[in-house]
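The values are calculated or read from the model by the stated rules, or taken from the named source; none is laboratory data. All of these numbers come straight from a predicted model, not from anything done at the bench. Note that we place each Cβ from the backbone using ideal geometry, even for glycine, and neighbour counts take in every protein chain shown.
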Amino acid sequence: MSAVADTVLFDATLRPNPPMRPAVLKLVIAVVAIINLSFGTYFVIRGAWPITPFMGADIAFLGWAFHASVVAARRREELRVTRSVLCVDRYPPRGTPVHIEFNPYWVRVEFEENSKQLTLASHGRREQIGSFLPPGERLTIAQALRGAIREARSTPLAGKA
């Protein structure tokens with residue numbers, strides 16, 4: 001393969017917006033725990049002790065939600081366009097990464113205005129990308145991908161001219 005065919009025309013890593021830093025998450029949980037402990041003590045003193053387990057469950061669910069948010073923020077998608085291939089590498093928070101390839105000559109970048117979905121389509125195959133991004137960022141990625149694909153199509157591969 002020639003150097004022209006291997007030229008990277010577009011390279012981006014898509015990541016969801018990260019949650020707060022771990023220290024801040026711990027501080028939020030600590031503050032909510034202190035408030036719940038204060039109210040729980042008040043209710044126990046007033047004879048309404050059955051309320052206190054629910055206040056403890058509140059802290060447990062908050063901790064679980066923060067943990068799930070941190071884990072979900074580890075996912076990413078890497079997009080790369082050269083003259084010969086459009087690669088999508090998906091890295092889930094847990095599990096095996098997935099590698100997908102499209103021919104840039106045949107692939108279509110679809111950005112649906114009503115649903116704000118960004119999809120790559122070619123030969124009956126459709127792959128949604130950037131589902132975790134806000135609609136504005138997906139539109140920006142769609143425009144950049146279209147430009148890179150247009151450039152990939154404009155110059156023939158070496159030996160095919």
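Quick notes on this structure:
- Members of the stretch 42-51 found to be surrounded by 11 or more Cβ atoms within 10 Å (Cβ to Cβ) and either part of a helix (DSSP H, G or I) or touching a Lys or Arg at 6+ places or on another chain (Cβ under 7 Å) (or both), listed by number: Y42, F43, V44, W49, I51
- Among the residues of the stretch 14-55, those that are hydroxyl-bearing (S, T, Y) and either farther than 30 Å from V70 by Cα or not assigned by TED's automatic domain parsing to the domain that holds A65 (or both) comprise T41, Y42.
- From F54, F61, F66, F39, residue being part of a helix (DSSP H, G or I), hydrophobic (A, V, I, L, M, F, W, C) and surrounded by 15 or more Cβ atoms within 10 Å (Cβ to Cβ): F66
- Residues (at pLDDT 95 or above, more than 24 Å from G136 (Cβ to Cβ) and in contact with a Leu (Cβ under 9 Å, 6 or more places away or on another chain)) located in the stretch 76-98: C87
- Checking the stated criteria, P16 turns out to be in a loop (DSSP other than H, G, I, E, B), closer than 21 Å to T119 by Cβ and at pLDDT 90 or above.
- Residue check, F111 more than 25 Å from D6 (Cα to Cα) and crowded, with 17+ Cβ neighbours inside 10 Å: yes
- Considering the conditions (1) touching a Ser or Thr at 6+ places or on another chain (Cβ under 9 Å); (2) of a type in the set (D, E); (3) at pLDDT 95 or above, E101 is excluded by exactly one of them, (1).
- Filtered by the rule that a residue be in a loop (DSSP other than H, G, I, E, B) and either under 12 Å from the mean Cα position of the chain (by Cα) or modelled with pLDDT of 95 or more (or both), the stretch 108-148 gives G130, S131, F132, L133, P134.
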